[in-house]
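Presented below is the structure to which this report refers.
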There are 4 protein chains.
Amino acid sequence: MRKFILLFQCLDQKGIVARISDFILKHGGNIVAADQYSTDPEGGYFFMRVEFILTKEQHNKDFLTEEFSATGREFSAQWKIIDKSQTLRMGIFVSEDDHCLIDLLYLCMSGELNVKIPFVLSNNEKHRKLLSQHNIPFHYVPASKENRREAELLSYALDSTDFLVLARYMLVLSPEFLRKYNKDIINIHHGFLPAFKGADPFGQALKQGVKVIGATAHFVNDKLDEGPIISQEVEHVSHKDNRQSLIRKGRNLEKKALANAILSYIDYRIIRHENKTIVF
Amino acid sequence: MRKFILLFQCLDQKGIVARISDFILKHGGNIVAADQYSTDPEGGYFFMRVEFILTKEQHNKDFLTEEFSATGREFSAQWKIIDKSQTLRMGIFVSEDDHCLIDLLYLCMSGELNVKIPFVLSNNEKHRKLLSQHNIPFHYVPASKENRREAELLSYALDSTDFLVLARYMLVLSPEFLRKYNKDIINIHHGFLPAFKGADPFGQALKQGVKVIGATAHFVNDKLDEGPIISQEVEHVSHKDNRQSLIRKGRNLEKKALANAILSYIDYRIIRHENKTIVF
Amino acid sequence: MRKFILLFQCLDQKGIVARISDFILKHGGNIVAADQYSTDPEGGYFFMRVEFILTKEQHNKDFLTEEFSATGREFSAQWKIIDKSQTLRMGIFVSEDDHCLIDLLYLCMSGELNVKIPFVLSNNEKHRKLLSQHNIPFHYVPASKENRREAELLSYALDSTDFLVLARYMLVLSPEFLRKYNKDIINIHHGFLPAFKGADPFGQALKQGVKVIGATAHFVNDKLDEGPIISQEVEHVSHKDNRQSLIRKGRNLEKKALANAILSYIDYRIIRHENKTIVF
Amino acid sequence: MRKFILLFQCLDQKGIVARISDFILKHGGNIVAADQYSTDPEGGYFFMRVEFILTKEQHNKDFLTEEFSATGREFSAQWKIIDKSQTLRMGIFVSEDDHCLIDLLYLCMSGELNVKIPFVLSNNEKHRKLLSQHNIPFHYVPASKENRREAELLSYALDSTDFLVLARYMLVLSPEFLRKYNKDIINIHHGFLPAFKGADPFGQALKQGVKVIGATAHFVNDKLDEGPIISQEVEHVSHKDNRQSLIRKGRNLEKKALANAILSYIDYRIIRHENKTIVF
């Protein structure tokens, strides 16, 4: 018994669900979960995620992909079939702050976050001991604003990872890096985007006297802190909060927003569309 | 162009989605939204809500019901097809507190809550003026703990309503009333069920010194405050809160929980199952 | 028995609390509630709000103000003594959307919001009937972007109100109006400031694909949507939310943020300081 | 320069604040923060927490306690003066689940939680390695329902700790243990008390179909899960949540509620009163 996921998107038109469910039925499958969304029920863009179980040995991903391709063409769709038994490889970049890193390691250890971590990479050596305790390779790359050492970053990440997580990595990745890496990168921003972009969002929050702070997990694109938002968490604050307490409250928000984003991502619940996300 | 909703539930088995989507396609329909849920992906109980558009004149509810009945039998399903153009008739019972009543009237007026209100019934005359301003019939029934006048209540509600809302109606309806009315009744309880059942939940909250209060919208069944929960809202409180401020905060929670429950209900997003609800 | 409030602020220094509490004791008073805050415990700016009860007839506001003035001078403080029995007069400006207006009227009626409403003023005639039902004077002023009729607004507001509430009034008040009115004005903005300033915050939220929306109550100053924030409310949203559902969710946030701000304001719990607020 | 805290409670009466602030002034002190609360402003029970700075060498805790004792007697108060430079010793009991333990260790390491941890004690050996990595003594005590080994627990905890934290310790401590230990014990309960007392709150939540789950940090007393509540956290759930996802969401709530409770506790912000807490 194997689990597969079909991600499917195209211009909305009649008969999509019928065709997809028929395809699964014909291969002896059972739909476990199905989500769909249309930007406009009377003629927009259609998105679907179907999770299904197949029982026959020969039904592997390549076979199904071959079988489904005619249907995909017919609807002029973008689509992908994923074998759920394959574990994704998640590379982690981190600078000094380690709360998100520690939370992710815990979630992996406890089995809640089912990924392989090929390495953790940092421009701060302090994490070496922690990673050795977890038996995870640690790469120290003394990147800085002056020298981002992106070739080195890329050499570690390119082949060994399916996606990257910036778990409070404080250097901006260049458009060139993004283009060469060419896979998804998830960043956690310690502020409520689109407010408080860039450096020191807590300082900005204090200066503005806001009564709510937030954290935002988003895909990285070539505009700073403007990639598609995946998840956001918020909490009330008051005049009594100082930088220290904002940082403490912010850490919980960042951990939660980032973990939720990654959990959705590795379960293929996120579809990117026009600089926004559909999160099933 | 007409919108329909199919609600469907049965033991999980292969091919349900294929058959349903095929049925819609065959009648020239387009699926606008579909939600499904299974209590256990490997063999539990299956629930589905499909919203679809048909364009042919002759496709009315009776015709579709007739057409679908063989399929329903085949899966031994409970199912129902609803014509979305039909507006439900919502009777309101209320005692003294009028915050939920006023909120519901506002939501109707503003078009957010698409129901007909055949009457508001109360054991308190104070609401007469308000209802006359809204041109909604008002029935004053001096019901009390000693004499609940349920025959009178029933005479108003039975034929003129599709469902009832107890918008802070403080008398318990008897099992006999429920049996005779035999349609859905939604109640708002001013506490976080299953804690704080029964009378004076704010007094109970104060006595226990809780740091969070809540409100619960639920279907009424023959056990006091134990019917299936539809929606719950919560808010932090502190030692500074007294009865008056709890009541004020509670009112906002009650309005929100009740409005959300009714909005889901009239959009046929709620399925009752084993004293719980699935809310799509 | 009469209740008074002392609001007091000065550079932090020794002995402030001792002197203030001594002053109250000397006049036979009892402190009911006291809040204090210092921007920096080791030498910043100090703020205090003390609520106290006096029992002697002759202890009125003028007498206490006279008695306290030497102490105020000694600390070079800004301060004010308020007689809590005086009810504030709150003028309301509103454009088309009436959800905040209706909520404020309800809170007044139910006794939760203890203010006098000398008038409601709108550039939309639709509210006339509602106000007449509440026996509150209604001024229709057909102000528009082209002609804001601020002289007319001012003629209504200047002498008859202690403060103004913009309960979804969609025209910007000019710096000149603010200067001439010269009392506090509270606005509700239907977005999470400092993000989404200006027009159509819901459109901005949809375009950005945010996962949380908010509402912000703030004092009006001469920069659009940049006055000191008093209270903010937030709620999670998803890709499923469209403009209509954002508006519906936003309304609840706006009502709550505005009501909380006004309740704090009329209880003299808000101190403005450097474009921020301390809300005790 | 030294920081002290005075905790003070008595029947409400005139002149308390004046006397206390005068006492601090006379010793050359400066009040850094002050909170007060009265159960009934017109004659209830009065609570105060004052944090102040003294600069003279000889002003130690014993001296101040001696100096203040006459004032305390005069008001028939319960009171205590605390030297803020003293770090509290927090013993931790834990069973199998380690998420709260790991969070507390992180908060200590990062300096956010300023306590000494003399030991972690568990009836599960799995934590030994983790604690050795943190250089914290680990005591394995194979306690079980049949044999709680409370004498052994007590021998570890009695002299070496100022308070205990049950960070998911799944055995109930007997009234005799509580009497002999006779200091504060903080427990985290993985449910929204007073609902879902006792074992398996997630199972109870699933069975009831609640739409919100919670976690509760509370002081332990001799009634199971009925001690004074310190902090509660809540989160929305839906029919889609299963036991596993409830556990995952619950963990975040438990970590947050417990950390907040301990942070308040070690800053002496919690006053217990009549099975409730005042948390300044």
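Given label points at 7 Å from Cα along Cα→Cβ, what nm distances, shortest first, separate A:HIS134 from the same residue in every other copy?
When each copy's label point is compared with this one, the spacings are 1.6, 5.5, 5.6 nm.
If you average the alpha carbon positions of the stretch A:129-149 and of the stretch C:89-113, how far apart do those two centres end up, in angstrom?
58
Which one, A:LEU107, A:HIS59, A:THR87, is farthest towards the positive end of the dipole of the stretch A:59-117 when Lys and Arg carry +1 and Asp and Glu -1 on their Cβ?
Sorting the options by dipole projection puts first A:HIS59.
If you count the DSSP beta bridges with both ends in the stretch D:1-68, what percent of them are antiparallel, to the nearest 5?
DSSP beta bridges in the stretch D:1-68 are roughly 100 percent antiparallel.
Looking at the protein assembly as shown, what % of its DSSP beta bridges pair antiparallel, to the nearest 5?
Of those bridges, close to 75 percent are antiparallel.
Please go through the residue pairs B:LYS211/B:LYS249; D:LYS56/D:LYS116; A:LYS249/D:LYS249; A:LYS240/B:LYS249 and name each one whose alpha carbons sit more than 19 Å apart in this structure.
Result: D:LYS56/D:LYS116; A:LYS240/B:LYS249 exceed 19 Å.
Cross-link candidates for D:LYS180: which lysines have Cα within less than 19 Å, leaving aside residues fewer than 8 places away along the same chain?
Hits, sequence-local ones excluded: D:LYS223.
Let me have the relative contact order for the stretch B:131-197, percent, based on Cα pairs under 8 Å that are six or more residues apart.
28
In whole percent, how big is the carbon plus sulfur part of the accessible area of the stretch A:2-83, probe 1.4 Å, protein atoms only?
45
Can you list the copy-to-copy distances for A:LYS26, using a point 7 angstrom from Cα toward Cβ, in nanometres, shortest first?
When each copy's label point is compared with this one, the spacings are 1.8, 9.4, 9.5 nm.
How many percent of DSSP beta bridges within the stretch C:90-279 run antiparallel, rounded to 5?
55
I need to check one value: relative contact order of the stretch B:1-62, counting alpha carbon pairs closer than 8 Å and at least 6 residues apart, in percent.
49
Largest first and in whole Å, what are the equivalent-ellipsoid semi-axes of the stretch C:90-279 based on the Cα gyration tensor, each being the root of 5 times an eigenvalue?
25, 19, 18
Nearest 100 Å² is fine: how much accessible area is buried between C and A, summed over both sides, with a 1.4 Å probe?
That pair hides around 2300 Å² of surface in total.
List the residues whose amide H sits under 5 Å from the amide H of D:ILE230, counting only those 5 or more places along or on another chain, with H placed 1.01 Å from N in the peptide plane.
It is D:ALA217, D:HIS218, D:PHE219, by chain and number.
Which cross-chain or sequence-distant (5 or more) residues have an amide H under 5 Å from the amide H of B:LEU121, H modelled 1.01 Å from N in plane?
B:ILE92, B:PHE93, B:VAL94, B:HIS139
Ignoring ligands, DNA and RNA, what accessible area per residue does chain D give at 1.4 Å, in Å²?
Each residue of chain D exposes 42 Å² on average to a 1.4 Å probe.
Give me a comma-separated list of calculated 3J(HN,Hα) values for the stretch B:158-163, in order, Karplus coefficients 6.51, -1.76, 1.60 applied at θ = phi - 60°, integers in Hz, x for any Gly or Pro.
Along the stretch B:158-163, the couplings run 3, 8, 8, 10, 9, 7 Hz.
Can you classify the stretch A:81-169 as rounded, prolate or oblate using the Cα gyration tensor, where a ≥ b ≥ c are the square roots of its eigenvalues, rounded means a/c under 1.5, and otherwise it's prolate if a/b beats b/c and oblate if not?
Oblate, since a/c reaches 1.5 and b/c is not below a/b.
I'd like the carbon and sulfur percentage of the solvent accessible area for the stretch A:90-279, probe radius 1.4 Å, heavy atoms only, ligands and nucleic acids excluded.
47
In percent, how large is the relative contact order of chain A, given Cα pairs closer than 8 Å and 6 or more residues apart?
After rounding, I find 14 percent.
About its Cα centre, how strong a charge dipole does chain A have in debye, to the nearest 20, once Lys and Arg get +1 and Asp and Glu get -1 at the Cβ?
Dipole magnitude for chain A comes out near 560 debye.
How large is ³J(HN,Hα), in whole Hz, for each residue of the stretch C:115-122 in order, when computed from phi with the Karplus curve 6.51 cos²θ - 1.76 cosθ + 1.60 and θ = phi - 60°, using x for Gly and Pro?
In residue order, the calculated couplings are 9, 9, 10, x, 6, 10, 10, 8 Hz.
Which residue fluctuates most in the GNM of chain B (Cα springs below 10 Å): B:THR161, B:THR216, B:THR87?
Comparing B:THR161, B:THR216, B:THR87 in a Gaussian network model of chain B, the most mobile one is B:THR87.
Name the most mobile residue of A:GLU150, A:GLU57, A:GLU67, meaning the one with the largest mean-square fluctuation, in a Gaussian network model of chain A with Cα contacts below 10 Å.
Answer for the Gaussian network model of chain A: A:GLU57.
Please report the residue of chain B with the smallest beta-carbon distance to the B-to-D rotation axis, and give that distance in Å, no decimals.
B:ALA195, 2
Along the stretch C:169-177, what does the Karplus equation 6.51 cos²θ - 1.76 cosθ + 1.60 (θ = phi - 60°) give for ³J(HN,Hα), rounded to whole Hz, x for Gly and Pro?
Ordered by residue, 3J(HN,Hα) equals 9, 8, 9, 6, 8, 6, x, 5, 4 Hz.
How do A:MET1, D:MET170 rank by accessible surface area computed with a 1.4 Å probe, from largest to smallest?
A:MET1, D:MET170
Which semi-axes, in whole Å and largest first, does the equivalent ellipsoid of the stretch B:2-83 have when worked out from the alpha carbon gyration tensor as the square roots of 5 times its eigenvalues?
The equivalent ellipsoid of the stretch B:2-83 has semi-axes of 22, 13, 10 Å.
Given the options D:ASN123, D:ASN187, D:ASN147, which has the most mean-square fluctuation in a GNM of chain D, springs set between C-alpha atoms less than 10 angstrom apart?
Residue with maximal mean-square fluctuation among D:ASN123, D:ASN187, D:ASN147: D:ASN147.
Under a 5 Å amide H to amide H cut-off, with H placed in plane at 1.01 Å, what residues pair with B:PHE163 once short-range neighbours are removed?
Excluding prolines and chain starts, which carry no amide H, the hits are B:ARG89, B:GLY91.
Would you kindly work out, in nm and rounded to one decimal, the distances from the label point of A:SER238 to those of the same position in each other copy, ordered shortest first, with label points 7 Å along Cα-to-Cβ?
Inter-copy label distances (nm, one decimal, shortest first): 0.3, 3.3, 3.4.
Between the stretch B:20-46 and the stretch D:8-25, what is the C-alpha centre distance in whole Å?
69
Determine the distance separating the Cα centre of the stretch D:171-207 from the Cα centre of the stretch C:216-280; give it in Å without decimals.
Using only Cα atoms to place each centre, the spacing works out to 38 Å.
The values are calculated or read from the model by the stated rules, or taken from the named source; none is laboratory data. Nothing here was measured: the structure is a model prediction, and the numbers come from that model. Heads up, the Cβs are rebuilt from the backbone with ideal geometry, glycines too, and the neighbour counts pull from every protein chain shown. To get the accessible areas, we keep the full protein, side chains included, count just its heavy atoms, and leave off ligands, DNA and RNA. Shrake-Rupley method; radii C 1.70, N 1.55, O 1.52, S 1.80 Å.
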